[in-house]
Amino acid sequence: MKLSEVVFFSLLIFCGNTYAQFSPDKTVLSGGAANDYLFPIRPGSTSIITGTMGELRNTHFHAGLDIDTPGVGVPVLSAQDGYISRATCSTGGYGNVLFITHPDGNTTVYAHLEEFKGAIGDYVRRQRYTRKVSEIDLQFSPNQFPISRGEVIALSGNTGGSGGPHLHFEVRNNDNEAINPLVYGFSEVKDHMAPLAFKVALKTLDSKSRINDQFGRFEFSVVRKGDTYSLPYPILASGNIGVEVLAHDKMENTRFRYGINYIDMRVNDQIMFTQTIDKIDLSESRRILTLMDYKALELKGDRYNKLYIDDGNQLNYYVGVEKKSGVVIGDAETPVQISLKDFGGNISKINFTLKPSNPVDETLLLGMMNRPFETEYQENILKLSVKTCLSEKGEIDLWQKGKSTSINAAYKGKNQSVYLIDLRHYLPDSISTCQGSINYSFQDRIPSETDYSYYSDLLDIEFSKSSLYDTTFLAVSYDTLHRKESFKIGSRLVPLHQSIGITLKPRLNYTQSKDLGVYRKEGNSYSYLPADWRNNRIHFSTREFGEFVIQRDTITPSIAPVSVNSTSARLKIRDNLSGISYFEANINGEWLLMVYDYKTGYIKSEKLDKSKPLKGDFELKVVDNAGNEKIYKQKIL
Ligand SMILES: [Zn+2]
């Protein structure tokens, strides 16, 4: 790390406690008046924020500020002079959204709107009628819809993928990166509370490393004293240890949790890691899957922030971090201090000590094993724990294509032995232990950062060079139950960055028709995947490993009227399996705009001319992804 960067970062972290010290980056604020952005919801009143920019979400960094609104219909004001450069209506995602481009080059984004106001509202509605579409994406030139600072542009809503009424407010710079709206120093947002820390996780980063004499990832709850947290006991460690933290920010008087924009870690009093989330490249937001511990996210829903940088991590939040790996344990006790800082400058610290230990063969392994053996994966390492047997000779045999190799335990305790197998060197078909044999369905080793094709009698997979974050070991298995074929492909604990193309080669013969489809199965829920059939082969793309089944959907969607009268037609639609793909309504044979909220199932009409009553023969057609069609008809008097 360069000295200038150390000084800069230290200033950011350790000065004062007000917004002022984060006086916004001058490059961001070029253009003079930009400093004066207006808060878009009830400016001047203290606001409740329900989400911050940079916050960790399951598949992306949250790109804006979520501003709470009491219900829908709160006036949304333009933050600055400019012009509407884009307006989009979509069922999912941002729902109804307006983009306003300002003289400083920034664009502000207002999402999940209930309706657009003024000229833009009329224009978009007319365009939807002209094109006979519910979803639309329009772009505009500077002279079409000029807007002044403080002008009401819309009413707030809950459209798209919104989980409750709020305004999602984003500021994007010239490079289409989201920047933190709080750089504009809005007095409406008050944060005097430091982040809360909950747990620290420690992970062995190679097969030689140990935590409390074991290999793996271990979580430890921290003890709080004010804004300082600690682990009440030292932890034995050797080798190369990755540190992760489970924490979030808080603001006063709300139950919501927020992102932490600045994290640093000092080891032996030296800065070893810094993470600053002040800009989000919107096209790279999915790379969050390398910043969080994906296994903890998938298995428990916990968003642990890694304080080490994996090989596949290409995020640029780590300016000045030279060493990408974890904490290397030497001969002396290693003090570790983590600082967590929110945008308001409030800081929490976590302190703990790693005590050097020499890995021993025989260690104290706590807890009884319930099963004779347990397999766990950590990156390239397969960790196999085997319950001690009387006849034990300590070795296990790894089998690969009819040949075997014996290995000894990496370490053992009173009632179990632990074996570590580096899958980069050995991909076993099966392993025999004193407790019996275990079969593994590994098919191939898939490299990252290169295109790769996997072929077999059962299925083919095309990986692009950006599909994987890291080398993976592909396991595939097949099952058929009640004439329903199921293909288990890879592990759901391995994240994918870009889609992979899968071609299934079913063993059953199908009469092809549109109602036959591929679904990703998760527990008891099925998500439909658009697929192509060719010669009894089925091709589709997915961004998730898991279980895929082939099945038919023969049931039509359901349509239930809620209130259909001269003011509006409001109905509830639903589909049992493949999901709704299309809907269309008309009144007396003329196309009628319907707006669908997939979260609640409600669909309602929006008239071209609001003053005219809805009268005559109303008809709504709903089609699911399997082509099943339902029509609802009613005469409105
Ligand atoms: Zn949001």
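The values are calculated or read from the model by the stated rules, or taken from the named source; none is laboratory data. Values in this document were obtained by computation on a predicted structure and should not be read as measured data. Every residue, glycine as well, gets a Cβ built from its backbone with ideal geometry; the counts of neighbours run over all protein chains shown. To get the accessible areas, we keep the full protein, side chains included, count just its heavy atoms, and leave off ligands, DNA and RNA. Shrake-Rupley method; radii C 1.70, N 1.55, O 1.52, S 1.80 Å.
Observations on the model:
- Some residue of region 116-139 being under 29 Å from S187 (Cα atoms), at pLDDT 95 or above, crowded, with 17+ Cβ neighbours inside 10 Å and within 16 Å of the ligand (Cβ to nearest atom): no
- Given (1) within 22 Å of S90 (Cα to Cα); (2) away from the ligand (no atom under 12 Å from the Cβ), number of the condition G164 does not satisfy: (2)
- In the condition set (1) part of a loop (DSSP other than H, G, I, E, B); (2) closer than 24 Å to R149 by Cβ; (3) modelled with pLDDT under 95; (4) open to solvent by 60 Å² or more (accessible area, probe 1.4 Å), A20 is compliant with all but (1).
- Region 423-464, subset charged (D, E, K, R) and part of a loop (DSSP other than H, G, I, E, B), residue surrounded by the fewest Cβ atoms within 10 Å (Cβ to Cβ): D457
- Conditions (1) within 13 Å of the ligand (Cβ to nearest atom); (2) in a loop (DSSP other than H, G, I, E, B); (3) under 16 Å from K250 (Cβ atoms): number failed by G93: (3)
- Within region 96-115, tally of residues that are within 16 Å of the ligand (Cβ to nearest atom) and either among the charged types (D, E, K, R) or not in a strand (DSSP E or B) (or both): 1
- Which numbered condition A154 misses (of (1) within 14 Å of V97 (Cβ to Cβ); (2) out of contact with any Phe, Trp or Tyr (no Cβ under 7 Å at 6 or more places or on another chain)): (2)
- Where a residue in region 625-637 is within 18 Å of P613 (Cβ to Cβ) and its partner, wherever it lies, is assigned to a loop (DSSP other than H, G, I, E, B) and open to solvent by 40 Å² or more (accessible area, probe 1.4 Å), with Cβ under 7 Å and at least six apart: I636/N565; I636/S566; I636/K615
- Residues of region 379-400 that turn out to be hydroxyl-bearing (S, T, Y) and modelled with pLDDT under 90, as a count: 2
- Qualifying residue in region 67-86 (condition: more than 15 Å from the ligand (Cβ to nearest atom), within 21 Å of the chain's Cα centre (by Cα) and either assigned to a strand (DSSP E or B) or surrounded by fewer than 22 Cβ atoms within 10 Å (Cβ to Cβ) (or both)): no
- Subset of region 509-537 [among the β-branched types (V, I, T) and modelled with pLDDT under 95]: T511
- Test: residue in region 44-63 that is away from the ligand (no atom under 16 Å from the Cβ), polar (S, T, N, Q) and farther than 30 Å from D293 by Cα: yes
- Residue within region 194-210 that is basic (K, R) and either under 21 Å from N253 (Cβ atoms) or open to solvent by 40 Å² or more (accessible area, probe 1.4 Å) (or both) present: yes
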